[in-house]
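These notes concern the structure reproduced below.
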Amino acid sequence: MKLTYEQKLKGYNEWKTGLKSPGIIARELSVKRLSVIYFLRLADKHGVEVLKHGKNKYYSPEEKLRIINRVLIDNESILSVSVDEGLSSSGLLNSWINSYIKKQL
């Protein structure tokens with residue numbers, strides 16, 4: 001289920017004020033705890049506006065490669081790079097990496 005901006009914003013505010021844990025928010029929204037943790041970290045780093053669903057951002061091949069290299073060469077975690085780069089999900093970076101590896105074989 002795709003969460004609305006309002007659901008994410010409410011969850012973020014409840015977490016930020018200490019009213020609810022990510023696990024409780026996840027249960028109430030019927031999503032995985034890791035999904036909640038991801039959007040909480042994303043909003044904490046980039047502000048709540050990043051939680052809005054808008055047009056998909058375009059990433060050039062060079063930009064994708066730079067981001068992929070942070071994981072494959074610099075040994076940063078997919079989750080931390082995804083949050084740092086403001087990607088909509090860590091699954092997006094994971095699919096970029098898988099495509100990149102397939103092309104290299």
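The values are calculated or read from the model by the stated rules, or taken from the named source; none is laboratory data. What you see is a predicted model, and the numbers here were worked out from it, not measured in a lab. All Cβ positions, glycine included, derive from the backbone under ideal geometry; neighbour counts span all protein chains shown. In case anyone asks, the SASA skips ligands and DNA or RNA and just uses the protein heavy atoms, side chains included. Shrake-Rupley method; radii C 1.70, N 1.55, O 1.52, S 1.80 Å.
The residues in segment 1-60 that are open to solvent by 40 Å² or more (accessible area, probe 1.4 Å), hydrophobic (A, V, I, L, M, F, W, C) and not in a helix (DSSP H, G or I) can be counted, and the count is 2. Residues in segment 59-69 that are within 16 Å of the chain's Cα centre (by Cα) and over 18 Å from Lys102 (Cα atoms): Tyr59 alone.
Here Ser89 fulfils each of the conditions (1) open to solvent by less than 50 Å² (accessible area, probe 1.4 Å); (2) more than 10 Å from the chain's Cα centre (by Cα) apart from (2).
Take Tyr38 and decide whether it is out of contact with any Asp or Glu (no Cβ under 8 Å at 6 or more places or on another chain), within 28 Å of Ile101 (Cα to Cα) and modelled with pLDDT under 95. No; evaluated as a whole, the condition is false for this residue. Would a scan of segment 74-86 turn up a residue that is touching a residue at least 24 places away in the same chain (Cβ under 8 Å), in a loop (DSSP other than H, G, I, E, B), under 15 Å from the mean Cα position of the chain (by Cα) and surrounded by fewer than 13 Cβ atoms within 10 Å (Cβ to Cβ)? So far as segment 74-86 goes, yes, one or more of its residues are touching a residue at least 24 places away in the same chain (Cβ under 8 Å), in a loop (DSSP other than H, G, I, E, B), under 15 Å from the mean Cα position of the chain (by Cα) and surrounded by fewer than 13 Cβ atoms within 10 Å (Cβ to Cβ).
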